[in-house]
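Structure, as structure tokens:
Values quoted throughout were computed directly from the atomic coordinates according to the rules given, and no laboratory measurement underlies them. Just so it is clear, the structure is predicted and the values come from calculations on it, not from any experiment. Virtual Cβ from ideal backbone geometry, glycine too; neighbours counted across all protein chains shown.
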Amino acid sequence: MIIKKTKIVKVLSSHILFGLLVFYFILHPLTMAIYGFECAQEKYTFNELLSMMGVILSKTFSFEMLPMSYIFIVVGIIFGLISGLYWFNILHKKVINQRQHRILNADALILIKNGENNYVEFKSSIRYDFLKKTTNRDLELVIAKTIVGFMNAQGGKLIIGVEDNMDIIGLQKDMNTLKHKNPDGYERKVYEIIATYIGAEFSSLCQVDFHKINDEFICIIRINNSKEPVYMSVSNKTTFYLRTGNSTNPLTVRETVKYLKIRKHE
């Protein structure tokens with residue numbers, strides 16, 4: 001989407017005209033009226049007030065007030081121009097954001113079409129069990145395990161709302177299990193899972209984004225690898241998970257020590 005020059009001119013012209021009209025036909029006579037009443041310092045009846053208002057208005061647009069009128073016209077034009085430029089800046093940022101959003105959506109679709117691998121994993125949901133058709137909090141453990149596996153490897157992307165066969169099923173049923181049934185609530189839940197089972201200090205390694213594909217929202221958690229070993233903790237039991245190929249597997253204590261030694265010398 002490109003903002004055409006004709007649209008820019010039209011927008012700026014309308015803002016300038018609006019500023020001119022407001023300052024000349026509203027603020028100009030209003031200023032004169034306030035000044036006139038302050039100078040008079042007298043009490044007026046309603047009829048006298050109306051009569052004086054008529055006199056002030058007639059003087060406002062008279063030839064002798066032309067210098068004052070010019071000032072309000074110029075200020076109105078400047079105000080309108082600033083307003084138009086500000087609006088154009090907002091519109092320009094909106095266009096850039098829309099363009100970036102389309103690019104990101106296209107990238108997300110490519111990720112899905114390429115399937116699961118060392119760096120990409122699909123999950124249907126974080127809480128909603130499509131088999132049992134109800135909330136299943138054990139699914140949160142699966143999400144945490146996958147995130148830990150990516151952190152201990154080379155990082156990766158966890159795409160939620162997509163089945164293993166690459167069908168996009170969206171997040172709506174998953175969101176309905178949350179208190180706040182929107183992307184913000186969903187993002188908070190993702191970080192809550194990280195804080196609960198992995199550790200809040202590792203939240204900075206993750207970035208949560210949402211994309212709309214085929215009228216369905218999906219969530220992509222972009223996970224950076226950790227310089228230190230990351231463990232998943234459940235009921236005081238810690239487990240080291242590692243992403244290998246297109247799956248995430250637990251390592252024994254011996255395997256973990258061996259892997260960390262190898263990684264240290266890489």
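Quick notes
- This ranking places 62, 69, 235 by how few other beta-carbon atoms lie within 10 Å of each, fewest first, which gives 235, 62, 69.
- Taking 27 Å as the limit for the C-alpha separation, the pairs 179/237; 10/94; 189/261; 94/133 exceed it in the case of 179/237; 189/261; 94/133.
- Charge dipole of the chain (Cα centre as origin; +1 on each Lys and Arg Cβ, -1 on each Asp and Glu Cβ, all else neutral): 800 debye, rounded to the nearest 20.
- Cα→Cβ-extended label distance, 7 Å offset, between residue 68 and residue 164, nm: 8.2
- Derived scalar couplings between HN and Hα for the stretch 71-82 equal 4, 5, 5, 5, 4, x, 5, 4, 4, x, 5, 4 Hz in order, rounded to whole Hz, by the Karplus curve 6.51 cos²θ - 1.76 cosθ + 1.60 (θ = phi - 60°), x for Gly and Pro.
- Inter-site label distance for residue 172 and residue 93 at 7 Å from Cα along Cβ, in nm: 3.2
- Amide H contacts under 5 Å for residue 128, placed H, 5+ residues apart: 136
- For peptides 54-61, 129-136, sequence by mean Cβ density within 10 Å, most packed first: 54-61, 129-136
- Gyration tensor (alpha-carbon) shape descriptor, the stretch 145-205, a/c threshold 1.5: oblate
- Label selected from (1) 32, 22, 20; (2) 34, 23, 21; (3) 65, 21, 19, the criterion being semi-axes √(5λ) of the Cα gyration tensor in Å as computed here: (3)
- Here the Karplus relation 6.51 cos²θ - 1.76 cosθ + 1.60, evaluated at θ = phi - 60°, turns the backbone of the stretch 195-206 into coupling constants of 5, 6, 9, 10, x, 4, 5, 9, 4, 5, 7, 10 Hz, with x for every Gly and Pro.
- Each Cα pair under 8 Å and six or more residues apart adds its separation to the average, and for the chain the resulting relative contact order is 17 percent.
- Legend: ranking of residues 211, 265, 180 from fewest to most surrounding C-beta atoms inside 10 Å; resulting order 265, 180, 211.
- Proxy reagent accessibility, fewest Cβ within 10 Å first, across 23, 150, 217: 217, 23, 150
- Extension gain for residue 141 to residue 225 (0.36 nm times residue separation, less C-alpha to C-alpha distance): 28.3 nm.
- For the stretch 116-264: rounded, prolate or oblate by the Cα gyration tensor [a/c cutoff 1.5]: prolate
- Table column - 3J(HN,Hα) (Hz), the stretch 174-187, Karplus curve with 6.51, -1.76, 1.60, x for Gly and Pro: 5, 4, 5, 7, 9, 5, 9, 8, 8, x, 4, x, 5, 4
- Seen against the Cα atoms of the chain and their longest principal axis, helix 28-40 is set at about 60 degrees.
- Interchain or long-range residues, amide H under 5 Å from residue 213's placed H: 218
- Rounded tilt (10° steps) of 5-22 against the dominant C-alpha axis of the chain: 50
- Most mobile of 221, 160, 26 in a GNM of the chain (Cα contacts under 10 Å): 26
- Tilt relative to the chain, helix 253-264 - C-alpha long axis, 0 to 90 degrees, to 10: 60
- Among 243, 222, 254, residue whose mean-square fluctuation peaks in a GNM of the chain (springs only between Cα atoms under 10 Å): 254
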